[in-house]
1. Which percent of the accessible area of the chain is formed by carbon and sulfur heavy atoms (probe 1.4 angstrom)?
2. Give me the dipole magnitude in Debye, nearest 20, for the chain about the Cα centre, with unit charges on the beta carbon: positive for Lys and Arg, negative for Asp and Glu.
3. Could you tell me whether region 49-202 comes out rounded, prolate or oblate from its Cα gyration tensor? Rule is a ≥ b ≥ c as square roots of the eigenvalues, rounded for a/c under 1.5, then prolate if a/b exceeds b/c, otherwise oblate.
4. Taking the Cβ of Lys93 as the center, what net charge do the other residues with Cβ under 11 Å away carry, scoring Lys and Arg +1 and Asp and Glu -1?
5. Assign one of three labels to region 4-65, namely rounded, prolate or oblate, based on the Cα gyration tensor with a ≥ b ≥ c the square roots of its eigenvalues; rounded applies when a/c is under 1.5, prolate when it is not and a/b is larger than b/c, and oblate otherwise.
6. Across region 92-99, in residue order, what do the Karplus-derived ³J(HN,Hα) couplings come to in whole Hz, using 6.51 cos²θ - 1.76 cosθ + 1.60 with θ = phi - 60° and x for Gly and Pro?
7. Please name whichever of His60, Pro50, Tyr33 sits farthest to the positive end of the charge dipole of region 23-101, dipole taken about the Cα centre and charges placed at Cβ: Lys and Arg +1, Asp and Glu -1.
8. Using a 10 angstrom cutoff on alpha carbons, build the Gaussian network for the chain and name the most mobile of Glu77, Glu61, Glu147.
Amino acid sequence: THADFGKLWRLHKQYNTTKDDIIIILGDSGLNYMSGGVARITKENLSRLPLTVVCIHGNHEQRPECIPTYNEIKWCEGVAMIEDKYPSLVFLKDGETYYINGKSFFVMGGAYSPDKEYRLAHNYPWYENEQPSENLKASVKAKLSQEKKNVDFVLTHTCPYSCIPFDSLQSNTGYENIDYSTEFWLDEIKAMISYHCWYCGHYHIDLDSTDCRFLYDRVILL
């Protein structure tokens, strides 16, 4: 959404949503891209929306665990992070599994930013921890290796390298010669779990492939 939440307000009007309804943004919500007053105004406006907005970490935002105002909470049988002022704006933690309405969701955020050099050159925020760390990746694999992991849905920001729709990205720039270490690692995770459907964002396209569904403008009702 990159801090453009018009589609969420339209969703509320279409379905007459309340705070009991959950919308999940697959990274780059825009809530923690800027800091200070800009972030505060964005969060105050969005928190008025009659929805619970749940976010996965993308590559255009700071990790909430690096922001002092965030606290860990127990949420849907997993660990999530919120700010006390905005309890309806929830950030999920990488590597956690959540249970919502009887369905299980394994979550993994982060990706390399194709626009990294542009952002640095123009003094726009760029966060060095945008991709999962080696320690985090090791802990997630260790946890998965200890148990047979079957989930209904996998929610990520980027996708496994084997699922990248390169043919559909030919008109986009910035996806060549970048660091795909997260995507290669997600291929390893893909081999360790079974799932009904894998959803991701990041590529700014709406596309269904054999192993992954890419969402940008679409909203999928589960």
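1. 49 percent
2. Rounded to the nearest 20 debye, it is 680 debye.
3. oblate
4. Charge balance near Lys93 sits at -3.
5. Prolate, because a/c is 1.5 or more and a/b exceeds b/c.
6. 7, 9, 4, x, 8, 10, 10, 10
7. The residue sitting most towards the positive pole is Pro50.
8. The residue with the greatest mean-square fluctuation here is Glu147.
The values are calculated or read from the model by the stated rules, or taken from the named source; none is laboratory data. Small disclaimer: the values here were computed from a predicted structure and weren't measured. Cβ sites come from the backbone with ideal geometry, for glycine too, and all protein chains shown count toward neighbours. Heavy atoms of the whole protein, side chains included, go into the accessibility calculation; ligands, DNA and RNA do not. Shrake-Rupley method; radii C 1.70, N 1.55, O 1.52, S 1.80 Å.
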